[in-house]
Amino acid sequence: MIRMTKTRVVVGAVLLDLAVSPLFAWDVFTESLRRDLGVGDTLLAAVFSVGLAAFTAAVLIGGRVADSVAPRRLALLTAVGTVTGLLGSAAATSVGAMLLTFGVLVGGSTGLGYATAVRLAGTVPSRRGLVVGLVVSAYAAGAAVLAPVAAALLAAVGRSWTFVLLAIGLGLVLAVAAVLVPGGPANPRTPRQPGRTARHRPSGPVVALWLAFGLGCAPALAAFAQAGAVVETPGTVALAVPLLNIGNLAGRLVAGPLSDVVGRSVSLHGNSALLVFACLLLAVGSSGPVALLALLLLGIQYGALSALVPLATSSAVPDERFGTTYGLVFTGWGAAGLLAPVAAASLAATAGYGAVYRIFIVVAVLSWAAVATYARLVRNRRES
């Protein structure tokens, strides 16, 4: 039975992650911005790329800050930055302004909120898998809910008022989250020994996790960017993205609690096997229902990995270093997000997506090798 104080923190972390997902609803806004600003897709894509970079950088920096700063302060900072960025996006009249307001402010603020929420979930004293699963699932659910809501608002009130209304709604959710999360550090640091430095080099398990995360999420991130082109068959294109999103949410919900039962290492090995199988289905040139099944499995694998990596991080380092370490590990995801979709699209233009996923089989095997290395190093550490 989860105590009331823990329940309050979990609800706050869930609400925090639920409200920091506007970056991944970006595609909903592009048609309106294309018309309002008179620009093409290349410039608008730059806004998302800047947002992705700012999000990754904020998780890296925010994770370190969250190890010592009260979650409530960080949640309030997230609220101020997100609301300011969305209101600025409402008033923006150029791509340059959108780069600053949506790319830098919204991307950076929501990255800080994500780091804070995951840090809270990753350091709870019990049922950690369940809590992390709930919190990272809220992030996926937030994007899934926000996209149709924003689309409906765009049709009803236009781009500027849509951003204003989103700023009000998400600001209120973030304010409630700030009230619920702790006003002091969730896991205060132990006093430093005189003369000892606070710096820590990434350990072997952390480096292995960085590789496993970056390589393991690359195939799915490429699929998210070009899902319709991957399945090829016209009648199934409309189902490609929804199936990826459904799988993503399901994987996050199931993987955390399951890892509480079977262990982190076993769960990561199963995730790696699922990735190899999904890439194999796409590599043999499957289309239609088989390709859709592969995309569903790829979504499940990606969502599960997003829950398992913070849990594996928490098993590799003390709680007082979790935020800093997870921020470092998360840069593997950021690198894959920037490189994998572009590289896959470039190769697919000449060789097709079958060739892309034949290469991704190799990537998946390398990710599995990194998982095996992580598991071995953690086991050796426990035995020594």
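Shown here: segment 63-108, whose C-alpha atoms stretch 39, 16, 7 Å along the first, second and third principal axes, sorted largest to smallest. The tail of the calculated P(r) for segment 1-71, taken as Cα-Cα distances beyond 15 Å, holds 69 percent of the pairs.
With the convex hull constructed from alpha-carbon coordinates only, segment 65-158 shows a mean projected area of 7.0 nm² over all directions. If the Kirkwood radius is taken over C-alpha pairs of the chain, then at 20 °C and 1.002 mPa s the Stokes-Einstein diffusion coefficient equals 102 µm²/s. Averaged over its residues, the chain has an accessible area of 42 Å² per residue, based on protein heavy atoms and a 1.4 Å probe. To the nearest 10, the accessible area of Cys217 is 0 Å² with a 1.4 Å probe. Ignoring ligands, DNA and RNA, what percent of the 1.4 Å accessible area of segment 1-104 is carbon and sulfur? Within segment 1-104, the accessible surface is 68 percent carbon and sulfur. The Cα trace of segment 211-365 gives Rg and Dmax of 15.4, 51 Å, the first to one decimal, the second as a whole number. Both radii are taken from the alpha-carbon atoms of segment 1-150; with Rh as the Kirkwood radius, Rg/Rh is 1.02. Across the chain, C-alpha contacts under 8 Å between residues 6 or more apart give a mean separation that, scaled by the residue count, equals a relative contact order of 25 percent.
Placing a label point 7 Å from the Cα of Gln226 along the Cα-to-Cβ direction, the residues of segment 252-287 whose backbone N falls under 18 Å of that point are 279-287.
With 0.36 nm allotted per residue and the present C-alpha distance subtracted, the Leu366-Ser68 stretch has 103.8 nm of extension available. Taking trypsin sites (Lys or Arg not before Pro) as exposed when DSSP calls them loop and at most 10 other C-beta atoms lie within 10 angstrom, the chain has its longest site-free stretch at 4-191. List the residues of segment 241-278 whose backbone N lies under 13 Å from a point placed 7 Å from the Cα of Arg382 along the Cα-to-Cβ direction. Under cut-off, by backbone N: 260-268. Of all complete DSSP H helices in the chain, those with a Cα span along the helix axis of 24 Å or greater and a mean Kyte-Doolittle hydropathy of -0.5 or more are 41-66, 71-91, 128-180, 204-225, 237-262, 264-283, 289-316, 322-351, 353-383.
Rank these residues by their accessible area, most exposed first, probe 1.4 Å: Thr30, Thr84. Before the final figure, lay out the partial values.
On the way: Thr30 20, Thr84 70 Å².
From most accessible down to least: Thr84, Thr30.
Structural descriptor for segment 240-296: relative contact order 50 percent, calculated from alpha carbon pairs under 8 angstrom and at least 6 residues apart.
The values are calculated or read from the model by the stated rules, or taken from the named source; none is laboratory data. Since the structure is predicted, the reported quantities are computational estimates derived from the model, not experimental observations. Note: ideal-geometry Cβ built from the backbone for every residue, glycine included; neighbour counts use all protein chains shown. Each accessible area value is taken on the protein alone, full model and side chains, heavy atoms only, with ligands, DNA and RNA left out. Shrake-Rupley method; radii C 1.70, N 1.55, O 1.52, S 1.80 Å.
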